[in-house]
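The values are calculated or read from the model by the stated rules, or taken from the named source; none is laboratory data. Bear in mind that the values here come from a model prediction, so they are computed numbers and not experimental data. Glycine also receives a Cβ, built like all others from the backbone with ideal geometry; neighbour counts cover every protein chain displayed.
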Amino acid sequence: MQYQKFSPKTELLPFVECYFIWEGDAGTGLKVQSPPSGFCSMVFNYGDPYIASQNNEPPMEVPKAFLSGQFTANYTLELNGDIRVAGIVLKPCTVHNIFNSRMSELVNSRAPLSFFPGLPVEILWTAVRNESSDEGRVNILEELMMSYLPVAKSNISIIDEAVEYIDMCKGCVSVVAVAERLNISRRYLEKKFLEKVGVSPKFYARLKRFGSLSNTIAHQEKIDWQQIVLEYDFHDQSHLVKEFMEFNQMNPSQYHLLHREMTRFVK
């Protein structure tokens with residue numbers, strides 16, 4: 001089993017977090033649980049079909065090429081046989097900036113790329129499948145993103161700045177503080193955030209706090225839980241546990257013990 005991440009060109013950094021290639025043999029069955037990351041994705045599955053499920057929704061086969069919006073809770077992937085997946089991890093506003101999609105309609109969903117105008121889906125999927133190297137697949141994805149760079153840059157707005165500020169604060173910032181920093185009304189911020197990101201700025205801040213917290217827990221040998229509570233602005237340790245359980249369906253101690261190297265970007 002191999003999961004690799006690749007960095008984008010400098011000019012794409014405002015829009016692309018990374019590219020990834022995930023390949024291996026799932027045998028007769030592999031289940032992967034992943035918490036929400038705060039990012040969106042464009043994914044090409046050129047291996048065997050796989051199933052995704054979340055909460056109490058019925059499991060569904062994932063499209064072979066899709067765009068995903070924000071996820072609000074832990075989801076499960078069920079894989080069998082050949083795993084061959086390539087994708088782009090996108091910054092929260094990128095899909096809207098390219099396709100003018102209302103992102104609230106993509107929350108907790110994987111929409112086939114055929115729904116989006118101007119994408120030569122079959123050509124792209126075939127090119128990714130037929131490419132013989134990981135670097136070649138990444139180059140295909142990067143060329144695609146470079147072709148959208150002018151339109152993505154033209155649609156940057158103050159909401160992109162709001163996302164950057166929340167990210168910089170690791171999610172530990174109030175909606176009022178974000179609105180005041182950018183000199184906009186809270187109502188305007190919340191309305192446009194739903195349009196460009198898909199969730200409210202308050203919920204997005206919680207997602208980013210959870211993501212930063214997860215990364216901290218995953219990469220420390222020994223955890224000072226009281227320091228974590230203070231650093232991430234929780235009321236107390238029970239508040240920390242409640243938040244972690246909501247997004248990841250396990251408590252922080254279990255995550256630290258069992259999932260220190262959890263892959264968080266696979267959709």
Exercise for review: Could you list all residues from region 155-170 that are among the hydrophobic types (A, V, I, L, M, F, W, C), outside any helix (DSSP H, G or I) and either under 18 Å from the mean Cα position of the chain (by Cα) or over 18 Å from THR94 (Cβ atoms) (or both)?
Suggested key: CYS169
Practice item. Write out, first by first residue and then by second, each pair whose Cβ atoms fall under 6 Å of each other, whose residues are 6+ apart or on separate chains, and whose first residue, in region 129-141, is under 11 Å from ARG84 (Cβ atoms) and not assigned by TED's automatic domain parsing to the domain that holds PHE20 while the second is modelled with pLDDT of 95 or more and surrounded by 12 or more Cβ atoms within 10 Å (Cβ to Cβ). Key: none
Check your understanding: When you scan region 68-84, how many residues do you find that are over 11 Å from the mean Cα position of the chain (by Cα), assigned to a loop (DSSP other than H, G, I, E, B) and over 23 Å from TRP125 (Cβ atoms)?
Key -> 2
**Study point:** Pairs where the first residue, in region 177-195, is not assigned by TED's automatic domain parsing to the domain that holds ASN100 and the second is in a loop (DSSP other than H, G, I, E, B), C-beta under 7 Å, 6+ apart
**Key:** ALA179/SER185; GLU190/SER200; PHE193/SER200; LEU194/SER200; GLU195/ARG102
Exercise for review: State whether the residues of region 86-99 include one that is of a type in the set (A, V, I, L, M), assigned to a strand (DSSP E or B) and closer than 18 Å to ASP48 by Cα.
Suggested key: yes
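Quick one: is GLU142 in contact with a helix residue (DSSP H, G or I) (Cβ under 8 Å, 6 or more places away or on another chain) and more than 18 Å from ASN183 (Cα to Cα)? Even if it seems obvious, please write down each step before you answer.
On the way: in contact with a helix residue (DSSP H, G or I) (Cβ under 8 Å, 6 or more places away or on another chain): yes; more than 18 Å from ASN183 (Cα to Cα): yes.
Answer is yes for this residue.
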Check your understanding: Yes or no: SER41 at pLDDT 95 or above, under 20 Å from the mean Cα position of the chain (by Cα) and closer than 20 Å to ALA111 by Cα?
Key -> yes
